[in-house]
Amino acid sequence: MSQLIGKVAFITGAGSGIGRGIALRLAREGADICIPDIDQDGARMTADLVTQLGRQALVLKANVASHMQIQTAARDCVNRFGRLDIAVANAGIGRSGSVLDMSPKDWQDQIDVNLTGVFLTVQAAAQQMARLGNGGRIVCISSLAALNTSGTMWAYSATKVGVAMMVRGWAQDLGPHRITVNAIGPGVIETPLAAGLAGEPLGAIRSSLETRTPVGRVGQPDDIAGLVNFMAGPDGAFMSGSYVVMDGGLRDSRGSWEPDPKAVEEQQRLFGRAAERQMKMQPLLDDRG
Ligand SMILES: NC(=O)c1ccc[n+]([C@@H]2O[C@H](COP(=O)([O-])OP(=O)(O)OC[C@H]3O[C@@H](n4cnc5c(N)ncnc54)[C@H](O)[C@@H]3O)[C@@H](O)[C@H]2O)c1
């Protein structure tokens, strides 16, 4: 567990969920971690955990939807550590709803964070990597939703298809700089973002998901972190332009990966909680200055 000693990783949205899992895994492998996030409390909590693992962490206030903020964050990371070896474009949000009434603001936020934000993150990190001349590894977090969608998830899916395709172009583009670029398509992973899909332990949604998932459980951030570690380490050197699904086999299981319609009460409660979180986060998301 030391394949990344001396490396520096820049992980957007590492203040929660999958990003935090990736930060802790790469720290355990020896990397120091830069944490650009709009949620400074979450980012500080991740930084504390990284420090407890004996690595250094730098919390950066940055909105991936802002060119200026993410450029500054990548520069600050290099100024602090003198290098930037691994970048993970992980920050993302979910805006769901019917095409009949999704607001243009929700659509634009979805595109700004999940699509433009990935472009701006990869651009800022790749510019630093190319300038430093040490090569690099870039991983973008797409989704199983790049392959499957629903009547409410189509906007989210549109961004994730875009990410899966962009990495193929960037792999071509950045190969001469010895930078690899890959995407991961997680299935349902237990994080605050996916609370409505993952359900609660022992609840009806979770039980239905476990039944439909061939490996028989919901995904954890650590599952995705292991694949990022592969892509960022020596074993991943020959992988570039790939989109790898990690979903416990859910993609090909019978039925949709939406919650069981029988669990309506639980679903409404969890979506209510998600809506509250979204309202709390919205002012941070709207700060692009
Ligand atoms: N959880 C799942 O089931 C699942 C499945 C497939 C893909 N994904 C993708 O994985 C990524 C991480 O999701 P998660 O489930 O860990 O979500 P999460 O909500 O737990 O964490 C997202 C993190 O990103 C940060 N963030 C949001 N918008 C930001 C912005 N504009 N600038 C900077 N930081 C921002 C949040 O503050 C938070 O710390 C997302 O891209 C998501 O689409 C998640």
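Readers should treat all values here as calculations from the given coordinates under stated rules, not as data from a laboratory. Fair warning: this is a prediction, and the values are worked out from it, not measured in the lab. Quick reminder, even Gly has a Cβ in these numbers, built from the backbone with ideal geometry, and neighbours come from all protein chains shown.
Residue farthest toward the positive end of the dipole of the chain, with Cβ of Lys/Arg at +1 and Asp/Glu at -1: which of LEU120, LEU4, ASN182?
LEU4
With label points built 7 Å along Cα→Cβ from the Cα atoms of GLU200 and THR152, find their separation and express it in nm.
Output for this residue pair reads 1.8 nm.
Per the chain: cysteines with no other Cys C-beta under 4.7 angstrom?
Flagged as lacking a Cys partner: CYS140.
What trypsin sites (Lys or Arg not before Pro) does segment 187-224 have in DSSP loop regions with at most 16 other beta carbons within 10 Å?
ARG217
Compute the Rg to Rh ratio over segment 128-239 from the alpha carbon atoms, using the Kirkwood formula for Rh, and round to two decimal places.
Answer for segment 128-239: 1.06.
When a/c is below 1.5 the answer is rounded, else prolate if a/b is larger than b/c, else oblate, so apply that to the chain with a ≥ b ≥ c taken from the square roots of the Cα gyration tensor eigenvalues.
In terms of gyration-tensor shape, prolate.
In terms of modelled amide H atoms, which long-range or inter-chain residues lie less than 5 Å from the amide H of GLN56?
ILE33
Would you mind checking which residues have amide H under 5 Å from VAL188's amide H? H placed 1.01 Å from N; only 5 or more apart, or other chain.
GLY219
Lys and Arg at +1, Asp and Glu at -1: add these up for the other residues within a Cβ distance under 14 Å of GLN220 and post the number.
Here the charged neighbours net out to -1.
Looking only at LEU132, LEU144, LEU115, which one moves most when the chain is put into a Gaussian network model with springs between Cα atoms under 10 Å?
LEU132
Quick query: amide H of GLY136 versus all other amide H atoms, modeled in the peptide plane; which residues come in under 5 Å with a sequence gap of 5 or more or a different chain?
Close amide H contacts, sequence-distant or interchain: ILE179, THR180.
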